[in-house]
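A.B. asks: Got a structure here, written out as structure tokens. Questions coming.
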Amino acid sequence: MERGKVFLFVLVFLLLCGSLGCGKEPSEESAGGRIYFLNGAETQLVSEGYELKATFKEAQVQEYVNALAKEPEGRELKKLLPENVKLLDFSFGEADQLILNFDANYSTLTGITEVLIRAALVKTFCQIEGVDYVEFYVNGIPYMIGELPVGMMKAEDFIDNTSDEEFYTQMANVSIYFANEDGTALRESHRQVSYNSNISMEQLVVEQLIGGPIEEERAAGLCATIPEDTQLSKISTKDGICYLDLSVDFLEKPEGIREEIILYSIVNSLAELPNVNKVQIRIGGELRKSYQSFEMPEVFERDLDLIETEM
């Protein structure tokens with residue numbers, strides 16, 4: 001099948017059972033391969049063993065492409081991509097990544113369906129020796145979700161969805177700012193977290209902040225900046241400004257933490273996201289002029305001077 005031809009990928013992710021458990025390597029009987037399909041409700045992936053016949057990397061990619069283009073035999077399975085979505089070509093990068101280049105119609109895919117498509121493609125092609133990552137492009141440009149580039153993905157980035165709930169769990173690397181031991185400065189923590197694909201990265205960051213430092217971070221002297229009973233009522237980003245609304249529980253200031261450290265733990269953490277430049281904080285639905293004794297601007301900008309430098 002020539003590159004540029006319309007490929008209708010049929011994809012699966014088996015909620016692994018029977019002789020092949022979740023997270024295990026495929027058995028020798030399946031020749032090390034599986035192909036992935038979407039269930040009829042588009043809430044889960046289903047997989048079947050597949051015997052890969054080609055021996056060279058490029059030929060193996062093409063073989064999987066051809067296999068995924070076939071109609072699924074099960075009536076409860078459906079094709080993942082609509083007929084107007086084309087895989088224009090594929091290539092290999094220097095970081096052992098397979099680059100899949102789709103036409104512009106790929107960008108019309110949204111929500112859980114798009115996440116499942118990516119999960120299935122990544123899990124399929126990362127089975128090939130020499131393909132450690134898969135990277136998506138649209139018309140020769142890195143695929144973006146909002147203003148965030150998706151980047152290179154590995155199979156482990158997609159956590160198995162073992163329920164009928166309409167979400168899929170992904171992995172993300174985030175930077176969170178907590179207070180130092182005496183509450184006078186911010187300290188950065190880098191985390192890799194799994195999260196519900198239906199929520200935004202902004203919501204993920206704030207929820208991580210509300211959850212506070214984990215055990216290892218507390219042992220290193222990091223302190224929570226947001227009361228644990230605080231609820232995130234709303235959050236959205238437009239034109240580089242992140243707008244969030246916290247419940248009035250936020251007003252119960254943690255003892256020993258300076259007001260600006262509390263506020264800028266939120267601002268600096270959100271500003272680590274590439275689509276956020278400024279932050280507006282509402283409390284109980286109100287745009288307040290002050291937080292305790294600290295005068296609040298209408299819109300915050302990142303303050304790097306509050307970050308404690310490593311000794």
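A.B. asks: Can you find a residue that is assigned to a loop (DSSP other than H, G, I, E, B), modelled with pLDDT under 80 and among the small types (Gly, Ala, Ser) anywhere in segment 48-55?
C.D. replies: Within segment 48-55, not a single residue is assigned to a loop (DSSP other than H, G, I, E, B), modelled with pLDDT under 80 and among the small types (Gly, Ala, Ser).
A.B. asks: Also, I was wondering about something else. Give me the pairs: first residue in segment 172-188 and farther than 12 Å from residue 208 by Cβ, second residue buried (at least 24 other Cβ atoms within 10 Å of the Cβ) and among the aromatic types (Phe, Trp, Tyr), beta-carbon distance under 9 Å, and six or more apart or on different chains, which are they?
C.D. replies: So the pair list comes out as 186/177; 186/178; 186/264; 187/177; 187/178; 188/177; 188/178.
A.B. asks: So, residue 257, is that one aliphatic (A, V, I, L, M), in contact (Cβ under 8 Å) with a residue 24 or more places away in the chain and touching a helix residue (DSSP H, G or I) at 6+ places or on another chain (Cβ under 8 Å) or not?
C.D. replies: no
A.B. asks: Is there a residue being farther than 23 Å from residue 202 by Cβ and modelled with pLDDT of 90 or more anywhere in segment 141-154?
C.D. replies: yes
A.B. asks: Also, quick follow-up: Go through segment 219-234 and report how many residues are outside any helix (DSSP H, G or I) and either of a type in the set (Lys, Arg) or surrounded by fewer than 20 Cβ atoms within 10 Å (Cβ to Cβ) (or both).
C.D. replies: Result for segment 219-234: 11.
A.B. asks: Just to verify a result, which residue in segment 260-294, among those that are of a type in the set (S, T, N, Q) and not in a loop (DSSP other than H, G, I, E, B), is surrounded by the most Cβ atoms within 10 Å (Cβ to Cβ)?
C.D. replies: Per the criteria, the residue is 269.
A.B. asks: Please tell me if residue 208 is part of a strand (DSSP E or B) and either open to solvent by less than 10 Å² (accessible area, probe 1.4 Å) or of a type outside the set (D, E, K, R) (or both).
C.D. replies: So residue 208 does not fit the description; no.
A.B. asks: Still on this structure, please answer the following. Determine the pairs where a residue that is on the phi < 0 side of the Ramachandran plot, located within segment 285-303, has a partner that is open to solvent by 50 Å² or more (accessible area, probe 1.4 Å) and among the polar types (S, T, N, Q) with Cβ atoms under 9 Å apart, the partner being 6 or more residues away or on another chain.
C.D. replies: 296/290; 301/277; 302/277
A.B. asks: Right, something else. Looking at segment 100-116, is at least one residue modelled with pLDDT of 95 or more and in contact with a Gly (Cβ under 8 Å, 6 or more places away or on another chain)?
C.D. replies: yes
A.B. asks: Take residue 216 and decide whether it is open to solvent by 20 Å² or more (accessible area, probe 1.4 Å), part of a helix (DSSP H, G or I) and in contact (Cβ under 8 Å) with a residue 12 or more places away in the chain.
C.D. replies: Against the criterion (open to solvent by 20 Å² or more (accessible area, probe 1.4 Å), part of a helix (DSSP H, G or I) and in contact (Cβ under 8 Å) with a residue 12 or more places away in the chain), residue 216 does not qualify.
A.B. asks: For residue 66, are the conditions met, namely being farther than 19 Å from residue 144 by Cβ and part of a helix (DSSP H, G or I)?
C.D. replies: yes
The values are calculated or read from the model by the stated rules, or taken from the named source; none is laboratory data. Note that this is a predicted model, so its numbers are computed, not measured. Positions of Cβ are generated from backbone atoms using ideal geometry, with glycine treated the same way; all protein chains shown enter the neighbour counts. Calculation scope for accessible area: heavy atoms of the full protein, side chains included, ligands and nucleic acids excluded. Shrake-Rupley method; radii C 1.70, N 1.55, O 1.52, S 1.80 Å.
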